[in-house]
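The values are calculated or read from the model by the stated rules, or taken from the named source; none is laboratory data. This is a predicted model, so every value here is computed, not measured. All Cβ positions, even for glycine, are placed from backbone atoms using ideal geometry, and neighbour counts span all protein chains on display.
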Amino acid sequence: MPASPPTPILLVETLSAVFSDENGDLHALQDVTFSIQPQEFVCLLGPSGSGKSTLLRILAGLLPPTAGKFTFAGSNHLRIGMVFQQANLMPWRNVLENIMLPLELQGVLPDQARRRAQEMIELVNLQGFENAWPRDLSGGMAQRVALARALVHDPNLLLLDEPFGSLDALTRERMWTELSSIWQKRRKTVLMVTHSISEALFLADRVLVLTQRPGHICLDLKVDLPRPRTDDMRYSPHFGRLARKLKDAIG
């Protein structure tokens with residue numbers, strides 16, 4: 001008898017979002033339905049204005065959906081970590097203190113919080129920068145601090161809203177490798193918004209493509225590239241074929 005499939009950690013069902021103002025209604029999302037399995041890395045791709053960031057903010061509890069629902073399963077104690085396009089570090093706190101912040105808000109004892117923050121610093125390869133101030137960090141380093149801060153409380157689901165969108169091309173590609181390595185070590189469930197087809201294919205197990213507004217899913221593509229991912233894969237014929245499918249879906 002075949003084994004039953006694992007319970008999705010996230011189930012989104014016919015979710016819609018409409019924003020109203022004096023100019024009328026803006027339909028951002030319409031009947032979005034998908035699921036994500038535990039430890040899966042899923043990228044959300046689509047044209048500007050397709051509702052990608054809106055969807056992430058709804059899942060993070062920052063915005064209410066207009067219709068439909070989403071449920072988190074497989075965990076009695078759901079913890080969500082989120083990283084935005086800007087690192088949003090506290091300028092008056094050093095690297096270690098920024099990473100400790102979520103634990104302080106949870107009431108974790110200072111010594112334990114410092115120890116866990118130090119583990120995250122080592123995970124994102126920022127050893128030696130514990131006492132550095134945000135103003136002295138490069139864009140890539142600041143985003144690594146933001147990622148460490150999102151991971152320090154051991155989230156069940158990590159939401160990434162174009163975390164490398166403000167970085168230059170070379171730094172951005174280096175961060176793909178960094179994030180892929182971190183995911184290999186921690187195997188967190190990830191939903192990441194991106195505008196980059198190459199970024200999505202390099203990082204994800206699956207790519208969901210949203211249409212123009214109102215956004216709904218028009219393609220759910222399995223990325224059957226081996227892990228760990230390497231730069232050479234980006235120049236392979238199969239990578240090119242997958243990229244073409246995504247480009248055609250985006251239109």
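Can you tell me which residue within segment 1-59, out of those that are among the small types (G, A, S) and assigned to a strand (DSSP E or B), is modelled with the lowest pLDDT? Checked segment 1-59; the qualifying residue modelled with the lowest pLDDT is G24. Evaluated against (1) assigned to a loop (DSSP other than H, G, I, E, B); (2) at negative phi; (3) of a type in the set (D, E), E173 falls short on exactly one condition, (1). Checked against (1) closer than 24 Å to V12 by Cβ; (2) under 17 Å from the mean Cα position of the chain (by Cα); (3) modelled with pLDDT of 90 or more, S198 passes all but a single condition, namely (1). Examine segment 137-155 for a residue that is over 18 Å from T171 (Cα atoms), surrounded by fewer than 18 Cβ atoms within 10 Å (Cβ to Cβ), of a type in the set (S, T, N, Q) and free of Cβ contacts under 8 Å to residues at least 60 places away in the same chain, and state whether such a residue exists. No, segment 137-155 has no match at all. Among what's in segment 194-226 and is in a strand (DSSP E or B) and in contact with a Ser or Thr (Cβ under 6 Å, 6 or more places away or on another chain), pick the residue that is farthest from R79 (Cα to Cα). Among those that are in a strand (DSSP E or B) and in contact with a Ser or Thr (Cβ under 6 Å, 6 or more places away or on another chain), it is C218. When P102 is tested against the conditions (1) part of a helix (DSSP H, G or I); (2) out of contact with any Leu (no Cβ under 9 Å at 6 or more places or on another chain); (3) without any contact (Cβ under 8 Å) to a residue 24 or more places away in the chain; (4) not hydrophobic (A, V, I, L, M, F, W, C), the lone failure is (3).
In a residue-by-residue description of segment 209-218, the property of being modelled with pLDDT under 95, surrounded by fewer than 20 Cβ atoms within 10 Å (Cβ to Cβ) and among the hydrophobic types (A, V, I, L, M, F, W, C) applies to no position.
Which of the residues that make up segment 165-194 are touching an Asp or Glu at 6+ places or on another chain (Cβ under 7 Å) and either surrounded by fewer than 21 Cβ atoms within 10 Å (Cβ to Cβ) or without any contact (Cβ under 8 Å) to a residue 60 or more places away in the chain (or both)?
W176
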